[in-house]
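Report on one structure; see the data block that follows.
The values are calculated or read from the model by the stated rules, or taken from the named source; none is laboratory data. Not measured: the values here are computed from a predicted model. Glycine gets a Cβ as well: all are built from the backbone with ideal geometry, and neighbour counts include every protein chain shown.
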Amino acid sequence: MPGLIPHAVSSPPTPGLPPVSGEPDGQAVTLDLLRRYDRPGPRYTSYPTAVEFHEGFGADTYAAHLARAAAVPDAPLSLYLHLPFCESRCAFCGCSVIVTKKRHVAEQYLGYLVREIAMVAAALRGRRRVVQYHWGGGTPSYLSPAQMQRLHEAVRAHFDLDPTGELALEVDPRVTSFEQLETLRTLGFNRLSLGVQDFDADVQQAVNRLQSVEATGALVEHARALGFGSINVDLIYGLPRQALDSFARTIDTVIALRPDRVAAYSFAHVPWIRAHQKLLKVEELPSADRKLQLFVEARARFLAAGYAPIGMDHFALPGDELALAAAAGTLHRNFMGYTTRPAPDMIGLGVSAIGDVAGAFAQNTKKLSTYYAALDAGRFPVERGYALDADDRLRRHVVTQLMCNLQLDTREVERRFDVDFGDYFAREQAELAEGPIAHGFLRDDGGLLRVTPRGRLFVRNVCMIFDRHLREKRAATPVFSRTV
């Protein structure tokens, strides 16, 4: 639909902030742009976001959605298991975790988790094929090899894991043993995601996560020798005491490890949600412009090392499935992150786990006692959720395309949802023209809206314009982390 949105007008560069390098049309980011767009905003692991979940959606509603999902027995599934236990808490952590050294707590939890797996499988009846299977946490490698085997066998008793599927989990190099890796590989796991965050000792001290390069490198080397097909490393920029030179050394160290994928996440400083983050010293956090410099420096180094940019904050080697999917415009995103194996439904299992089933999100209770009580009573331990309406489904598609494939074909939207894009999104287009388009974040190539290299840094802001719920709920108190 050409002519809907005017061409971008480039802003003059501001000294001191680097250009978004590595691509032909890389541009500088000005301090004015930073100040304008550095605001609280969602990360869009879902649309609508979890802020919209409500307690009116409970176990009975979830059961009804599982029944709808069961009506398409040949459709594939994604399966997420939440293992919440950690030996210690990292000060930056935004996950739902339980810190304990009492191993019997995990043993009891596994017993209940196995019961939930059986309940969900029964509700799905003959629908069993899983193409994406993920253990998250917490620290999944908190489990012993015997516990890992027990849990995996329970899953296999009720579901069929596709032999070409993705079997992945998160591991903490500080507590993961070679024996655990060997067990996981024997069970069929083929992808690992390793938390690193930052190798600088001063930063590690500030966030209560001491982790050596040597231990991390040894784990990567052993995983490769065992035949893990894909290894991901997680980094965080915006942590206390991070400096450009020290973070650059961390990036170079990671590049030397040559992981297949890297995620460079913006630190979500949300002390009003995660009370333990109040222990961080605010004066040690980098400013918005310094935080942007950290990411731009990381991005430039990964691109120079041959990695392809994926979505807004990931990188992958050119032959990796993520890079191939991004190039083909078929990347997908769910609560487990970017994926190349989309399934129409994602089942979340365990405390706090979120599922995406038959047009609705469902989240389990976050408390162990409540989780156990629900399962003892024969109920699904769902605490809250949200059923999407027609407008949500349309906007979800728009947000997903922009977040994953950095483009939106407005004509395809019209065909798929039987709407006139110009009429339906008239208000949004006016805002795009005055903001992201004018500032070079987005351009219109004849009805194909493309996020520019500079726009990758602000793609959350672009998506926020299409977020009906965010527009309707301008909260006086903060809910989301800042976009920059």
*What number of residues within segment 134-145 satisfy the criterion of being of a type in the set (Phe, Trp, Tyr) and in a strand (DSSP E or B)?*
1
*Answer yes or no: is there a residue in segment 64-84 that is among the aromatic types (Phe, Trp, Tyr), free of Cβ contacts under 8 Å to residues at least 60 places away in the same chain and closer than 16 Å to Gly137 by Cα.*
no
*asked:* Here is a list: Arg261, Arg249. Which entry is within 29 Å of Glu182 (Cβ to Cβ), in contact with a Phe, Trp or Tyr (Cβ under 9 Å, 6 or more places away or on another chain), among the basic types (Lys, Arg) and touching a residue at least 12 places away in the same chain (Cβ under 8 Å)?
replied: Arg261
*If Val131 passes every condition in (1) in contact (Cβ under 8 Å) with a residue 12 or more places away in the chain; (2) closer than 30 Å to Gln204 by Cα; (3) not in a loop (DSSP other than H, G, I, E, B) but one, which one does it miss?*
(2)
_Extreme residue, farthest from Asp172 (Cα to Cα), among residues of segment 64-109 that are touching a helix residue (DSSP H, G or I) at 6+ places or on another chain (Cβ under 6 Å) and modelled with pLDDT of 95 or more_ = Leu66
*Answer residue from segment 448-474, given it is of a type outside the set (D, E, K, R) and in contact with a strand residue (DSSP E or B) (Cβ under 7 Å, 6 or more places away or on another chain) and is farthest from Ala300 (Cα to Cα) among those*: Leu448
_Ile255 - would you say it is crowded, with 21+ Cβ neighbours inside 10 Å, more than 23 Å from Phe189 (Cα to Cα) and modelled with pLDDT of 95 or more?_
no
_Residue tally, condition assigned to a loop (DSSP other than H, G, I, E, B), more than 25 Å from His314 (Cα to Cα) and either among the aromatic types (Phe, Trp, Tyr) or touching a Phe, Trp or Tyr at 6+ places or on another chain (Cβ under 7 Å) (or both), over segment 408-453_ = 1
